[in-house]
């Protein structure tokens, strides 16, 4: 008899009745045999919790007393969950019945502590979706990108990334992670609130010597921008701020100084670009991100840790993806040289 490790599918909700009504049926029909469904609620003010109670009475609901964002919300909820594997699933994701089995099997056979399925766009189903696509990478200056998505350009899925492999980070939209690794790494950094917390977590896991994986054997469909759309200045603020925090926390000291110094100037260029486009609120968001970074510099510095294991740099891009995108006109991951990626 096959023994299946226990899996907890945990959906963090905040006023998300629309998405729960639309996508919870597909999740609830998952065929994995040893599974628990959990809604972690970030103090919603709509009737989403009442909806779940009425139509899905077997789903466990864990209440947070406030909206702690994606990062803090999951930290608090997962303290109350016991399972071998956690699946952190966005409420705006549609899945197929057998979406779990291939990823768990892949992780067990290859000793991955975290992994993701293929992420396609819900509204353009033959294209990759921005948040994760076919697995995440990061460049020398901390800019994240994916197989199937560089900056704001997503590729059509034509099977070009249908090889299972190791990546640098796995998407938070459908993050499979061993519970033991989650607890060992300390979960998300709650100060991030939302955006890039999964990259920070994966980076810490890699500094502990662990591996992050991607498998195309499972495909899910993500709406994206369900909480903050791409043109929201708050999203701009969180992305710029959290990226600087992540660099300060995870890079070696002297390299962090050099990279962050460069990034501050590159961010200034982005600020001026927002102004030129008539987006003063986004420009101000970049400025606010820098203000926060300097104001809490020493608090963030205390989060830097030394690890005994040899850091796993697989998936780290040695060059600048921004330069490649705008100057070298490289808009597809497959056009990047494999020699520019760390192999271990």
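All of the numbers you see were taken from the coordinates with simple rules; none came from a lab. Since the structure is predicted, the reported quantities are computational estimates derived from the model, not experimental observations. Neighbour counts run over all protein chains shown; Cβ positions are idealised from the backbone, glycine included.
In terms of its alpha-carbon gyration tensor, region 159-265 comes out oblate; a/c meets the 1.5 threshold, while b/c is at least as large as a/b.
Do the sum for the chain: with -39,500 (n - 2.57) for every DSSP H run of n ≥ 4, divided by all residues, what is the mean residue ellipticity at 222 nm, to the nearest 500 deg cm²/dmol? Mean residue ellipticity, 222 nm, calculated: -11500 deg cm²/dmol. Neighbour counting of Cβ atoms within 10 Å sorts the residues 3, 198, 155, fewest neighbours leading, into 3, 155, 198. Between the Cα long axis of helix 253-276 and the first principal axis of the chain there is an angle of about 90°, rounded to the nearest 10. Let's test the formula: R0 of 56 Å, r as the Cβ-Cβ distance of residue 258 and residue 43. What FRET efficiency results, to the nearest 0.05? Approximately 0.85, to the nearest 0.05. Note on the chain: Cα-only Rg and Dmax are 19.4, 64 Å. Summarising the label geometry, the points placed 7 Å from Cα in the beta-carbon direction at residue 291 and residue 110 lie 4.4 nm from one another. Once both axes come from the Cα atoms, what is the angle between helix 197-207 and the longest principal axis of the chain, in degrees from 0 to 90, rounded to 10? That works out to roughly 80 degrees. The stretch between residue 124 and residue 266 holds 47.9 nm of extra length on full extension. This uses 0.36 nm per residue minus the Cα-Cα distance. For region 233-307, a Kirkwood radius taken over Cα pairs fed into Stokes-Einstein (25 °C, viscosity 0.890 mPa s) yields D = 193 µm²/s.
In this simple spin-label approximation, residue 6 and residue 22 carry label points 7 Å from Cα along the Cα→Cβ vector, and these lie 3.3 nm apart.
Reported to the nearest whole Å, the Cα centre-to-centre distance from region 95-126 to region 149-167 is 14. For residue 340 and residue 153, the difference between the fully extended length at 0.36 nm per residue and the C-alpha to C-alpha distance is 65.3 nm. Note on region 238-278: Cα convex hull, mean projected area over all directions, 2.8 nm².
Semi-axis lengths, largest first, of the ellipsoid equivalent to region 33-172 are 29, 18, 16 Å, with √(5λ) applied to each eigenvalue of the Cα gyration tensor. Residue order for 300, 215, 96, fewest other beta carbons within 10 angstrom first, comes to 96, 300, 215. The calculated FRET efficiency for residue 165 paired with residue 329, based on their beta-carbon distance and R0 = 30 Å, is about 0.70.
Helix 69-78 and the longest principal axis of the Cα set of the chain meet at an angle near 40°. If you plug the beta carbon distance of residue 184 and residue 276 into 1/(1 + (r/R0)^6) with R0 = 35 Å, you get a FRET efficiency near 0.15.
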